[in-house]
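The values are calculated or read from the model by the stated rules, or taken from the named source; none is laboratory data. For clarity, every value in this text was computed on a predicted model and none was experimentally measured. Neighbour counts are summed over all protein chains in view; Cβ atoms, including those assigned to glycine, are modelled from backbone coordinates with ideal geometry.
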Amino acid sequence: MKIASNGIRLHVEDIGRGEPTLVFLHYWGGSARTWRHVTSRLAPSFRTVALDHRGWGHSDAPSDGYALADMADDAAGVIAALDLRRYVLVGHSMGGKVAQLLASRRPSGLAGLVLVAPSPPQPMAMPGDAREQMAGAYATRETVGMVIDHVLTAKALAPEDREQVIEDSLRGAPAAKVAWPQSTSLEDISDWVGSVNVPTLVVAGELDRVDSVDLLKTTLVPRIAGATLHVLAGIGHLSMLEAPDDVARLVAGFASGLY
């Protein structure tokens, strides 16, 4: 379904029932369906809401407005439109950084935060030429395939999941593809993240080449009071596709333990 939020219309997948509601935010290059294996496992016990960020999937693609604050406002608008009274934010990579910013605002109804291979709060360290290469990473099937094999995964994806990643990456709007490597990933929200005041679980892939375990241990976990870290053995950056059973189990256990 489409929901009007922050001046645009966002595609949202809303399945399942039960509280707290789990709100899923995807990575740069993904869509709501990035989470489909996880949400299908959780839907019998929880209401799950997964959205396409602006410029990705089936959401509107404005020519600008791809800052973290814009995406956090988009998600907040969806939460308000659905009148979610008690919910957990679950964010992956770029979506994890968006979730950190939104959670730092201490919104009403937020019960917990799950950060899956999240981009850390400080600017992403990367040389300028590497950023240029990253901005073109989703240009063709071949370049997306190389990113999947050499950056995003440590475990081979099922053929249908690999095709989904390729389709989602290629579908992204030009402005959305460029914004993250060239500007949004450079935003520094380190001073804000310390304001997060809800239980927080950080899930990292042991073999993640994007947001490593060591990076998250030093730059993110210490900034959030009481945050806990769980490392998935043998898994890369796309843990919701590489190990959906494990991710669903961790999210369910975390959400069930919130009182």
Quiz prompt | Of the criteria (1) over 17 Å from S195 (Cα atoms); (2) touching a residue at least 60 places away in the same chain (Cβ under 8 Å); (3) among the aliphatic types (A, V, I, L, M); (4) crowded, with 19+ Cβ neighbours inside 10 Å, which one L89 fails | solution = (1)
Quiz item: How about the range 188-200: which of its residues are touching a strand residue (DSSP E or B) at 6+ places or on another chain (Cβ under 8 Å) and surrounded by fewer than 22 Cβ atoms within 10 Å (Cβ to Cβ)?
Solution: V198, P199
Quiz item: Would you pick out the residues in the range 150-184 that are buried (at least 21 other Cβ atoms within 10 Å of the Cβ), within 17 Å of G65 (Cα to Cα) and of a type in the set (S, T, Y)?
Solution: T184
Quiz item: Restricting the range 19-41 to residues that are surrounded by fewer than 24 Cβ atoms within 10 Å (Cβ to Cβ) and under 17 Å from L113 (Cα atoms), which is farthest from the chain's Cα centre (by Cα)?
Solution: E19
Quiz prompt | Pairs where the first residue, in the range 181-200, is within 23 Å of G253 (Cβ to Cβ) and at pLDDT below 95 and the second is outside any helix (DSSP H, G or I) and among the acidic types (D, E), C-beta under 9 Å, 6+ apart | solution = none
Quiz item: Of all residues in the range 102-111, which are surrounded by fewer than 24 Cβ atoms within 10 Å (Cβ to Cβ), under 18 Å from the mean Cα position of the chain (by Cα) and within 10 Å of V196 (Cβ to Cβ)?
Solution: S104, R105, L110
Exercise. Kindly indicate whether any position in the range 215-226 is closer than 17 Å to H92 by Cβ, over 16 Å from the mean Cα position of the chain (by Cα), aliphatic (A, V, I, L, M) and not in a helix (DSSP H, G or I).
Key: yes
Practice problem: Name every residue in the range 24-33 that is hydroxyl-bearing (S, T, Y) and either over 22 Å from K177 (Cβ atoms) or in a helix (DSSP H, G or I) (or both), in order of residue number. | Solution: none
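Within the range 235-248, can you find the residues that are part of a helix (DSSP H, G or I) and either aliphatic (A, V, I, L, M) or in contact with a Leu (Cβ under 8 Å, 6 or more places away or on another chain) (or both)?
S239, M240, L241, E242, D246, V247, A248
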Exercise. Could you identify the single residue in V198, V251 that is assigned to a helix (DSSP H, G or I), in contact with a helix residue (DSSP H, G or I) (Cβ under 7 Å, 6 or more places away or on another chain), more than 30 Å from D64 (Cα to Cα) and not aromatic (F, W, Y)?
Key: V251
Self-check item: Failed item in (1) touching a Gly at 6+ places or on another chain (Cβ under 6 Å); (2) assigned to a loop (DSSP other than H, G, I, E, B), with H11 passing the rest
Solution: (2)
Quiz prompt | Top-ranked residue of the range 42-75 - restricted to ones that are polar (S, T, N, Q) and in contact with a helix residue (DSSP H, G or I) (Cβ under 6 Å, 6 or more places away or on another chain), ranked as surrounded by the fewest Cβ atoms within 10 Å (Cβ to Cβ) | solution = S63
